[in-house]
Amino acid sequence: RGQVVTFLWRAMGQITPETEENPFGDVRTKDYFYNPVLWAVENGITTGKTATTFEPDEPCTRKQIVTFLWRAAGEPEPESMVNPFTDVKHDRFEKAILWAYENGITSGVSKDNFGVGQPCTREQVVAMLHNYDKTRRGG
């Protein structure tokens, strides 16, 4: 989680967080992900796993990554709610996944399976960030 938030923070221009209030006991000022975590929380991109822990070493799933990107984009509505994935149910991740799919940020792990709970590798995260950046810049 710490790495993913740092990747996104860097892609967005390494914006300095406005707040210095850190609710997380597992995020210290010396950590490379300190500013990225504060920025991401401040901008509603992510929250902690609890009110006092961020769990920066925990891996992210595919649904979590696209949700971070969707929130960074301002939570846009998907153009279509037609869902090609049997593992994407009507839950809080559905709009983010459909938005990412229709914008070419990522596809499923197969034709009809998104892989919602599968861990997202660093390579997949970087590919999604690259595709998101192209979409964000209109290219």
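The values are calculated or read from the model by the stated rules, or taken from the named source; none is laboratory data. What you see is a predicted model; the values in this text were computed from it and never measured. Cβ sites come from the backbone with ideal geometry, for glycine too, and all protein chains shown count toward neighbours. Side chains are part of the model used for accessible areas, which takes the heavy atoms of the whole protein and leaves out ligands, DNA and RNA. Shrake-Rupley method; radii C 1.70, N 1.55, O 1.52, S 1.80 Å.
For (1) more than 21 Å from residue 27 (Cα to Cα); (2) at pLDDT 95 or above, each residue gets a yes or a no:
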| site | (1), (2) |
| --- | --- |
| 51 | no, no |
| 56 | no, yes |
| 81 | yes, no |
| 92 | yes, no |
| 96 | yes, yes |
| 108 | yes, no |
| 124 | yes, no |
Practice problem: Would you point out the residue of the stretch 19-63, among those that are over 15 Å from residue 125 (Cβ atoms) and of a type in the set (Gly, Ala, Ser), that is least open to solvent (accessible area, probe 1.4 Å)? | Solution: 48
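Hey, could you check the stretch 2-18 for residues that are assigned to a loop (DSSP other than H, G, I, E, B) and touching a helix residue (DSSP H, G or I) at 6+ places or on another chain (Cβ under 8 Å) and say which is least open to solvent (accessible area, probe 1.4 Å)? Steps first, please.
At the first step, the residues of the stretch 2-18 found to be assigned to a loop (DSSP other than H, G, I, E, B) are 12-18.
Next cut, touching a helix residue (DSSP H, G or I) at 6+ places or on another chain (Cβ under 8 Å) only: 12, 14-18.
Values: 12: 43, 14: 101, 15: 79, 16: 103, 17: 14, 18: 168 Å².
Per the stated criteria, the residue is 17.
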Quiz item: Given the structure, is residue 108 touching a helix residue (DSSP H, G or I) at 6+ places or on another chain (Cβ under 7 Å) and part of a loop (DSSP other than H, G, I, E, B)?
Solution: no
Quiz item: Scanning for something in contact with a helix residue (DSSP H, G or I) (Cβ under 9 Å, 6 or more places away or on another chain) and free of Cβ contacts under 8 Å to residues at least 40 places away in the same chain, does the stretch 53-68 turn up at least one residue?
Solution: yes
Practice problem: Report yes if residue 40 is modelled with pLDDT of 95 or more, of a type in the set (A, V, I, L, M, F, W, C) and more than 15 Å from residue 131 (Cβ to Cβ), otherwise no. | Solution: yes
Quiz prompt | Check on residue 86, assigned to a loop (DSSP other than H, G, I, E, B), open to solvent by 50 Å² or more (accessible area, probe 1.4 Å) and in contact (Cβ under 8 Å) with a residue 24 or more places away in the chain | solution = yes
Self-check item: Filter result (under 19 Å from residue 55 (Cβ atoms), within 16 Å of the chain's Cα centre (by Cα) and not hydrophobic (A, V, I, L, M, F, W, C)) within the stretch 6-34
Solution: 6
